[in-house]
Amino acid sequence: MAVKTIEWRADSVRMIDQRLLPGREVVRTYRDFRGVAEAIRTMVIRGAPAIGVAAAMGAALGLKGFAGEKALTRFKLVSKTLRATRPTAVNLAWAVDRMERVLEANLHLDKDHLFRRMREEALAIYREDLAVNKSLGRYGAELLASPATVLTHCNAGALATAGYGTALGVIRAAREAGKRVAVYADETRPFLQGSRLTAWELRKDHIPVTVIADNMAATVLAKGRVNCVIVGTDRTAANGDVANKIGTYPLAVMARRHGVPFYVAAPLSSIDLNCESGESIPIEERDPKEVVEFAGKRVAPNGVAVFNPAFDVTPAELVTAIITERGIARPPYSQSLRELKDKG
Ligand code: MRU
């Protein structure tokens, strides 16, 4: 996809405002870490790997003009602010931890050199994410027949990463390998990442896409219209339980009911071996307005109670395979995920 999700330019971070897509393509520029944190919190940028990259770039911006002890004190504030934005995507904490290790190893540098070193690390995280997606895509593409039709949920595409995508990266890689692939995209209530973002980026790449409302997925599966389901993840636990956009779990249940393989595309940075199972994954709850308003207009009665969890957890037993940049993990995941992590 030609449009860049996030970019470092002249000591500022530029992001396409995903809240306005597909209607308007507006690029926003941030020059300080607070702006980047706000962009993550308000979903200007979203998707686990993309917010990891944004947090790394934000951390670099936050250290501009600091060195030594002052840099350490400053980083505490920067790190706390960035980590508080969105709790479920482990990539965010993973990226901030990595930036912290680089800071600690470079406290001898003066402020200009320290800033350059931090910027370099943030850019490395960006470049690595792109490479990881391509590698993951190649492994995943081998799972697809030709022709194949894939059902996906939310947006695990170029917009959710440094580029190329995880779930959509598999589809792109299959196309590059000469396979014919079409996509069904769940609308993904309430934020509509599927109908707004997945459909937008697939259209840009001329990949056939059909949008459905989330409650139509069972019909699509029952009618045998898809060969497999592929989704991304915000955090996958050591036992293979998968936290992803709300609505992923029912999709996995329905896929099992209809004998359709359910694949998760997960860069190793999204796999959290410190979380034993899905039970210990923190699930973000978002503003009730996302549920009771539609396109900025209230559609539910005033005063009604709302529950708005942004993610759900799919139990490992419903996951056919987890596609990573180092290969494909199969059950039992407590063993296969650890082996892939250790491989590096
Ligand atoms: O709330 P979002 O839009 O950040 O949620 C994104 C997802 O659920 C994605 O599937 C996940 O982050 C993986 S993106 C490669």
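Values quoted throughout were computed directly from the atomic coordinates according to the rules given, and no laboratory measurement underlies them. Please read these numbers as outputs of a predicted model, since none were measured by experiment. Heads up, the Cβs are rebuilt from the backbone with ideal geometry, glycines too, and the neighbour counts pull from every protein chain shown.
Between segment 302-321 and segment 75-128, what is the separation of their alpha carbon centroids in Å? Here the answer is 30 Å between Cα centres.
Per the Debye formula on identical point scatterers at the alpha carbon atoms of segment 6-133, with no solvent, log10 I(q)/I(0) at q = 0.18, 0.23 Å⁻¹ is -0.88, -1.40.
Under DSSP H, which helices of the chain have Cα atoms covering 18 Å or more of the helix axis and a Kyte-Doolittle average no less than -1.0? Please list the in-between numbers first.
Values: long enough: 48-62 (21 Å, 1.61); 68-83 (22 Å, -0.41); 90-105 (23 Å, 0.22); 111-141 (45 Å, -0.74).
Flagged H segments are 48-62, 68-83, 90-105, 111-141.
Once you divide the Cα radius of gyration of segment 137-343 by 2.2 N^0.38 Å, the number left is 1.00. Listed cross-link partners K223/K341; K204/K245; K80/K134 are compared with a 28 Å cut-off, the Cα-Cα value being larger for K223/K341; K80/K134. In plain terms, the residue of R172, R19 with the fewest other Cβ atoms within 10 Å comes first and the most crowded comes last, giving R19, R172.
Other residues with beta-carbon under 12 Å from the beta-carbon of A182 carry, at +1 per Lys or Arg and -1 per Asp or Glu, a net charge of +4.
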